[in-house]
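Structure, as structure tokens:
Read the figures in this text as sums done on the coordinates, not as results from a lab. Please read these numbers as outputs of a predicted model, since none were measured by experiment. When we count neighbours, we look across all protein chains shown, and the Cβ atoms used for this are built from the backbone with ideal geometry, even at glycine.
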Amino acid sequence: MSPKIHLCQPDGRKSCGACCGMYNTIGATRESTDALLRARRETLTGSPCELSLDALAGYREQRLAEETPDKLLPLLRNCPFLGVLDEGTGRVGCMVHPKVCHGRDGRDLGLYDRETCENYLCAAFTHLSPREIQLIVRACGDDSFLYGLVLNDIGFLRGLFQGVADVIGLYPNDDRLLHPTIVEAVAEYLALKVDWPYGDPEAAIIGAYLPDGDENVLRRSIDYAELGLEPSRFDTILTCLGSLFDEAEDVREAEAIVYGAIYEVATRFEALIGASRAG
Ligand code: SF4
């Protein structure tokens, strides 16, 4: 159905650096993440490919001493060689990867070894269908920050599909999902990941998960009973958005935002079904 896409670097316009620690900082925002990744690139004066391995090792020590991030997930490493590769789009990637450095591999200087960097595949590689991948790649445009967040939260995308099914009575799982009008509406929904007004200020960036001690993560849960409410029909989505609510009214407003985004996708999908039947 579709050409094979490498999820980490799908199309030269955006990329994901989650496994290298891109999102692994308490309270991280789009702005702070972008600033950090650009600062790393700027600290590596000149081309990283032309620096000696000793100079790269010196850079690593300098960044590790300066960054000391407040990590969200202690076991995930925040590698200082993850940086901005393309200043125009902000596309991120490994600055010492052999495909970036004309064959020279500097990944043994990173916080994993090169075999780990080369072979590790995240859950998205296994669980996303080719059509879901195409949809995410198209809907995220050249937004690397959004792309990595969506790629690492399969429940958020599937929550949309379920919401659409609840509206039109049909689970969307055919190539109409890749129609430009659907991609446009899905992009609006996915953007909630970045601009969510009810996000946990410390950990919304990892959505449905919360750090638990030095080694574990827990699934986030929203205490509706505390707010005098039944569980929301959009609980999966609200959880994936890393929501924290102070009062019942916030939940209602959040549900309205989510429903609006789902409804837009659903009505467009239904219109495409109608058009294909009429044709
Ligand atoms: S050295 Fe490995 S962990 Fe570090 S940025 Fe490169 S691929 Fe990621």
Exercise. Using a basic spin-label model with each label point 7 Å from the Cα along Cα→Cβ, how many nm lie between VAL194 and ALA55?
Worked result: 3.3
For this session: With everything on Cα atoms, drop me the angle between helix 248-278 and the longest principal axis of the chain, reported from 0 to 90° to the nearest 10.
Result: 80
Exercise. Normalised by the number of residues in the chain, what is the relative contact order in percent for Cα pairs under 8 Å and 6+ residues apart?
Worked result: 19
Exercise. Counting pairs on different chains as well as pairs 8 or more places apart, how many Lys pairs in the chain have Cα atoms under 22 Å apart?
Worked result: 5
Exercise. With the Cα gyration tensor of the chain giving a ≥ b ≥ c as the square roots of its eigenvalues, does the rule (a/c under 1.5 for rounded; else a/b larger than b/c for prolate; else oblate) give rounded, prolate or oblate?
Worked result: oblate
For this session: Quick one: among SER221, SER129, SER15, which has the greatest mean-square fluctuation in a GNM of the chain with alpha-carbon springs under 10 angstrom?
Result: SER129
For this session: Rounded to the nearest 0.05, what FRET efficiency do ARG104 and ASP175 give with R0 = 25 Å and r taken as the Cβ-Cβ distance? Could you check?
Result: 0.05
Problem set entry | Projected area, mean over directions - the stretch 18-120, Cα convex hull, nm² | 6.3
Exercise. What distance in nm separates the simple spin-label points at TYR263 and SER221, each placed 7 Å from Cα in the Cβ direction?
Worked result: 3.1
Exercise. Simple spin-label model, 7 Å along Cα-to-Cβ: GLU87 to SER129 in nm?
Worked result: 4.3
Exercise. In a GNM of the chain with a 10 Å cut-off on Cα contacts, which of VAL150, VAL100, VAL183 has the highest mean-square fluctuation?
Worked result: VAL100
Exercise. Using a simple charge model, +1 on the beta-carbon of Lys and Arg, -1 on the beta-carbon of Asp and Glu, nothing else, what dipole does the chain show about its Cα centre, in debye to the nearest 20?
Worked result: 1200
Exercise. Roughly how many whole Å is it from the C-alpha centroid of the stretch 98-138 to that of the stretch 38-61?
Worked result: 21
For this session: Grab the DSSP H runs of the chain that are 4 residues or longer, score each as -39,500 (n - 2.57), total them, divide by all residues and round the 222 nm result to the nearest 500 deg cm²/dmol.
Result: -13500 deg cm²/dmol
Seminar exercise, completed: Of LEU149, LEU111, LEU157, the most mobile residue in a GNM of the chain (C-alpha springs, cutoff 10 Å) is LEU111
